[in-house]
Amino acid sequence: MAHFEAATSTGPGRVVVALTGECDLEGRDRLAAVLLSAVDTAALVVVDLGGLTFIDSSGIHGLVTAHHAAQRSGGRVQLVNASGAVATVLELTGVDRLLGARTEDAGRE
C-alpha cells in the first residue's frame, strides 16, 4: 500500500497544499478533495510537490481537474518544488507548462 498525504496551510490570499509520498489511484479521491477544497477557499493554490516521490495519471488528473476548477472561478493552481520522477512525469505530460511549475519555496510567489 502506497503512502500518500496532502496537508494544507493558509497564507495571505493563498492556500498551500503540500503533497508527500506516492500519489496514485489509491490517493486519487483524497487529492481531488483537498485540491478542490483549496480552490474553493483561495484564488491561488500552491501545490508543493517537494515531498512527492511518485505520481501517476490519477494524480495528474487531479492536478488538471483542480486547474480547470480554479480557472472557472478566476483563480489558479501553481506547482512548486517538483523533482526527480515527479518532475519528469509533469514535463512529459505538459502539466509543468500548463500549471507553471517552479522550483522555489511554496511560501512565496
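Computed quantities for the displayed model
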quantity: Relative contact order (%) - the chain, alpha-carbon pairs under 8 angstrom, separation at least six; calculated: 25
quantity: The chain - mean residue ellipticity at 222 nm from DSSP helices (-39,500 (n - 2.57) per run, n ≥ 4, rounded to 500); calculated: -12000 deg cm²/dmol
quantity: Antiparallel DSSP beta bridges within region 4-98, as percent of all bridges there, nearest 5; calculated: 35
quantity: Spin-label pair Ala85/His68, simplified geometry with 7 Å Cα→Cβ offset, distance in nm; calculated: 2.7
quantity: Additional length obtainable on full extension of the chain from Asp56 to Thr20, 0.36 nm per residue less Cα span; calculated: 11.6 nm
quantity: Among Ala70, Leu35, Gly84 - extreme Cα towards positive end, dipole of the chain, charges at beta-carbon; calculated: Ala70
quantity: Order of His67, His3, His61 under a 10 Å beta carbon neighbour criterion, fewest first; calculated: His3, His61, His67
quantity: Built amide H within the under 5 Å cut-off of Gly50, gap 5+; calculated: Leu19
quantity: Debye log10 I(q)/I(0) for region 4-98, one point scatterer per Cα, at q = 0.11, 0.23 Å⁻¹; calculated: -0.25, -1.20
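Coordinate-derived values only; no laboratory data. All of these numbers come straight from a predicted model, not from anything done at the bench. Virtual Cβ from ideal backbone geometry, glycine too; neighbours counted across all protein chains shown.
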